[in-house]
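Below: one structure, written as structure tokens.
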Amino acid sequence: MNFRLSNHALEEMERRGIPAGMLDSVLTSPQQVIAERDGKKVYQSQIDYGEGRMYLLRAIVNDALDPAVVITVYRTRNIPKYWRLE
């Protein structure tokens, strides 16, 4: 699937220090894809940011469009809040 980054997503990546390679990894091989309201999906993976600091990298995506649009992206240490046990 092809993805396009919204201006907001690009700004948030820069502001939050999220490398493009990490986002690309989550988009191409997410550990989880969760359906959200309004037909959006969350692509997410647990990422080691070094020194044992684990974060959940989350990308909110509208994949009903072609190409799919990444609306925003962020990382959080509050993994249990968002991680779905299957």
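For segment 34-86, what are the residues that are of a type outside the set (Gly, Ala, Ser) and on the phi > 0 side of the Ramachandran plot?
Within segment 34-86, Asp38, Glu51 meet the criteria.
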Segment 43-58, residues that are within 8 Å of the chain's Cα centre (by Cα) and of a type in the set (Gly, Ala, Ser):
Ser45
Output the number of residues of segment 1-46 satisfying the condition of being open to solvent by 60 Å² or more (accessible area, probe 1.4 Å) and among the β-branched types (Val, Ile, Thr).
2
Just need a number here: residues in segment 47-77 that are open to solvent by 40 Å² or more (accessible area, probe 1.4 Å), in a strand (DSSP E or B) and touching a residue at least 60 places away in the same chain (Cβ under 8 Å).
2
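The values are calculated or read from the model by the stated rules, or taken from the named source; none is laboratory data. Computed from a predicted model, the values in this text were never measured in an experiment. So basically every Cβ, Gly included, is an ideal-geometry build from the backbone, and we count neighbours across all protein chains shown. Please note that ligands, DNA and RNA were not included when accessible areas were found on the heavy atoms of the full protein model with its side chains. Shrake-Rupley method; radii C 1.70, N 1.55, O 1.52, S 1.80 Å.
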